Amino acid sequence: MAAGAARKAAAVLEAPPQHDQISHTKLSADDEWNLQQERMYKMHRGHESMHVEMILIFFSTLIIAQIVLVQWRQRHGRSYNLVTLLQMWVVPLYFTIKLYWWRFLSMWGMFSAITSYILFRATRKPLSGRTPRLVYKWFLLIYKLSYAFGVVGYLAIIFTLSGLHLFFKINARDSMDFGIVSLFYGLYYGIMGRDFAEICSDYMASTIGFYSVSGMPTRSLSDSICAVCGQKIIVQLEEEGLIENTYQLSCNHVFHEFCIRGWCIVGKKQTCPYCKEKVDLKRMISNPWERTHILYGQILDWLRYLVAWQPMVIGIVQGINYSLGLE
């Protein structure tokens with residue numbers, strides 16, 4: 001009896017106080033975050049030299065990786081673009097499944113299914129005369145939607161940071177989450193759409209024969225043919241074809257306006273599809289409101305590195321730190 005009572009008393013003394021458990025569960029989200037930061041600070045106290053080494057390793061790896069990627073892109077641009085596109089397609093899928101982001105997964109699946117069909121049509125031989133227009137319509141739609149989502153997301157973030165959400169009684173976290181998600185969707189699918197459009201443009205133009213990625217074209221271009229789609233530029237009333245506006249580049253080659261805009265803006269090509277003379281995009285896009293598309297395209301190209309290669313760089317840094325015992 002005495003031994004049992006002693007064990008019970010010891011258990012009571014070793015058990016944490018009841019009021020501490022209750023007070024811990026009653027902490028607000030901000031207090032919980034502050035408590036975690038305090039614990040993190042105590043855990044890392046006294047490891048300043050280790051942190052300096054980890055920072056040096058991170059920046060050194062980042063610089064070396066940037067140099068390697070730039071050289072790879074300049075010398076082997078096609079393989080660089082394919083590997084980058086593959087990583088952009090797979091890396092978000094991994095995090096989506098791991099973090100149970102089913103909404104993004106459903107949109108990713110729908111985008112992948114339709115884009116796979118478009119890619120299949122663009123790589124078929126012989127190439128249908130309607131395929132180039134179908135391809136550019138799809139990727140132009142993706143481009144416009146991504147642009148709209150990106151602008152809405154950016155405005156939502158600015159709206160929240162400026163405190164305007166208080167006037168509409170909107171929760172700050174909900175408003176910020178909406179802005180970040182919209183901005184991410186816009187940028188991600190904008191990058192993916194432009195990369196797939198570039199691949200389709202190369203395949204279609206090479207199949208038609210008026211363009212070659214490396215070397216001379218296999219066909220000579222006449223004045224009445226659009227080198228992008230391979231169809232007649234000017235169609236008579238009794239002939240079958242497309243009647244639309246035309247556009248003449250500074251090299252005097254004439255194309256369907258829709259085709260050359262799709263080639264340059266959506267397909268990321270800045271040269272003539274036939275002679276490869278540089279295209280003046282500012283002259284092509286005379287409307288000042290449309291010139292933002294050029295800047296948006298440049299932003300997408302820059303963000304490709306962050307989405308595709310930054311996770312790999314961080315993984316390499318983590319591996320180096322682990323091998324050196326820096327944790």
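One table, with the values for the structure above:
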read-out: Near pairs, Cβ below 7 angstrom, 6+ apart or cross-chain, from the stretch 190-205 (closer than 20 Å to PRO217 by Cα and part of a helix (DSSP H, G or I)) to any residue that is at pLDDT below 85 and among the charged types (D, E, K, R); value: GLU198/LYS268; SER201/LYS269
read-out: Residue within the stretch 105-126 that is within 30 Å of ALA205 (Cβ to Cβ) and modelled with pLDDT under 80 present; value: no
read-out: Restricting the stretch 206-215 to residues that are part of a helix (DSSP H, G or I) and touching a residue at least 24 places away in the same chain (Cβ under 8 Å), the residue that is surrounded by the fewest Cβ atoms within 10 Å (Cβ to Cβ); value: THR207
read-out: Options THR218, THR160; residue that is exposed (fewer than 15 other Cβ atoms within 10 Å of the Cβ) and touching a Gly at 6+ places or on another chain (Cβ under 7 Å); value: THR218
read-out: Hits in the stretch 68-90 (condition: part of a helix (DSSP H, G or I) and farther than 21 Å from THR115 by Cβ); value: VAL68, LEU69, VAL70, GLN71, TRP72, ARG73, GLN74, ARG75, GLY77
read-out: Top-ranked residue of the stretch 160-178 - restricted to ones that are of a type in the set (Gly, Ala, Ser) and over 25 Å from ARG103 (Cα atoms), ranked as modelled with the highest pLDDT; value: SER162
read-out: Residue selected from the stretch 231-260 under the condition surrounded by fewer than 21 Cβ atoms within 10 Å (Cβ to Cβ) and in contact with a helix residue (DSSP H, G or I) (Cβ under 7 Å, 6 or more places away or on another chain), by the criterion modelled with the lowest pLDDT; value: GLU244
read-out: Criterion violated by ARG124 - all others in (1) in a helix (DSSP H, G or I); (2) under 27 Å from HIS256 (Cβ atoms); (3) of a type in the set (D, E, K, R) satisfied; value: (1)
read-out: Hits in the stretch 58-80 - residues which are more than 22 Å from the chain's Cα centre (by Cα) and of a type in the set (Gly, Ala, Ser); value: SER60
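The values are calculated or read from the model by the stated rules, or taken from the named source; none is laboratory data. This structure is a prediction, so every number in the text was calculated from the model and none was measured. Cβ: placed from backbone, ideal geometry, glycine included. Neighbour counts: every protein chain shown.
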